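Single-structure report; data block below.
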Amino acid sequence: MQSRLDFFGSPLAGKILRHINSASKIASESGLPTATQELVKIRASQINGCGFCTDMHTKDAAAAGETQLRLNLVAAWREAKVFTEAERAALELAEEGTRLADAAGGVTDEVWANAAKHYDEEQLVALVSLIAIINAYNRINVINQQPAGDYRPGQFG
């Protein structure tokens, strides 16, 4: 597979990605657990069919110490016993926040209340922001048909 555009070589894309990356960095420094951040990014990327981001975030999570068992079970988190209640709440929020078109009402009050039981307001801001940001990245990469498989942990900073 070859990407439609050389997004990494385009000056305009570079400017756009720098801004998205800046927002991502701010959200990632919020105090929301790193494992939760990566799980959410992986799940949204799986739903959106973004191989590039799925590759990146599973490798980054593994490099940060995430277990292969948990990485293997992200797509089936509802049936898996390996995630904490807080992680499950974040994954559910990520799913509903990613599948907006599938749920006429968007994120349900029940899903929001469950996430709010586990995360404080700043962590919720970070979680919502990370869900939005990974969805933006997914859309760029899926539209561009960005190939997956060559990412090295830490490659982008």
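The values are calculated or read from the model by the stated rules, or taken from the named source; none is laboratory data. Worth saying up front: this structure is predicted, and the values here are computed from it rather than measured. Using ideal geometry, Cβ is built from the backbone for each residue, glycine included, and neighbour counts are taken over all protein chains shown. Quick note on the areas: whole protein, heavy atoms, side chains included, nothing else; ligands and nucleic acids left out. Shrake-Rupley method; radii C 1.70, N 1.55, O 1.52, S 1.80 Å.
Does residue 107 qualify as being part of a loop (DSSP other than H, G, I, E, B) and surrounded by 11 or more Cβ atoms within 10 Å (Cβ to Cβ)?
Working: part of a loop (DSSP other than H, G, I, E, B): yes; surrounded by 11 or more Cβ atoms within 10 Å (Cβ to Cβ): yes.
Yes: the conditions hold for residue 107.
Every residue in segment 72-86 that is in contact (Cβ under 8 Å) with a residue 24 or more places away in the chain and either open to solvent by 30 Å² or more (accessible area, probe 1.4 Å) or on the phi > 0 side of the Ramachandran plot (or both), please. Break it down stepwise before answering.
Pass one, segment 72-86, residues in contact (Cβ under 8 Å) with a residue 24 or more places away in the chain: 74-75, 77, 83, 85-86.
Listed by number, the residues that qualify are 75, 85.
Regarding residue 96, is this residue free of Cβ contacts under 8 Å to residues at least 60 places away in the same chain and outside any loop (DSSP other than H, G, I, E, B)? Give the steps one after another, and end with the answer.
Values: free of Cβ contacts under 8 Å to residues at least 60 places away in the same chain: yes; outside any loop (DSSP other than H, G, I, E, B): yes.
The answer is yes for residue 96.
Just for segment 72-107: of the residues that are among the β-branched types (Val, Ile, Thr) and out of contact with any Lys or Arg (no Cβ under 8 Å at 6 or more places or on another chain), which one is nearest to residue 130 (Cα to Cα)? Don't jump to the end; show me each part of the working.
Step one: of segment 72-107, the residues among the β-branched types (Val, Ile, Thr) are 74, 82, 84, 98, 107.
Still in the list and also out of contact with any Lys or Arg (no Cβ under 8 Å at 6 or more places or on another chain): 84, 107.
Details: 84: 19, 107: 15 Å.
For segment 72-107, the residue satisfying everything is 107.
Return the pair list, or none, for Cβ contacts closer than 8 Å from residues in segment 130-157 that are in a loop (DSSP other than H, G, I, E, B) to residues that are among the basic types (Lys, Arg), at least 6 apart or on different chains.
Pairs that qualify, where the first residue is in a loop (DSSP other than H, G, I, E, B) and the partner is among the basic types (Lys, Arg), are 145/4; 151/59; 152/59; 153/59.
Conditions (1) among the polar types (S, T, N, Q); (2) under 13 Å from the mean Cα position of the chain (by Cα), marked per residue:
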site: 2; (1), (2): yes, no
site: 19; (1), (2): no, no
site: 23; (1), (2): no, no
site: 30; (1), (2): yes, no
site: 38; (1), (2): no, yes
site: 42; (1), (2): no, yes
site: 51; (1), (2): no, yes
site: 57; (1), (2): no, yes
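Only one of (1) open to solvent by 40 Å² or more (accessible area, probe 1.4 Å); (2) farther than 30 Å from residue 10 by Cα; (3) under 17 Å from the mean Cα position of the chain (by Cα) is not met by residue 142, so which one is it?
(2)
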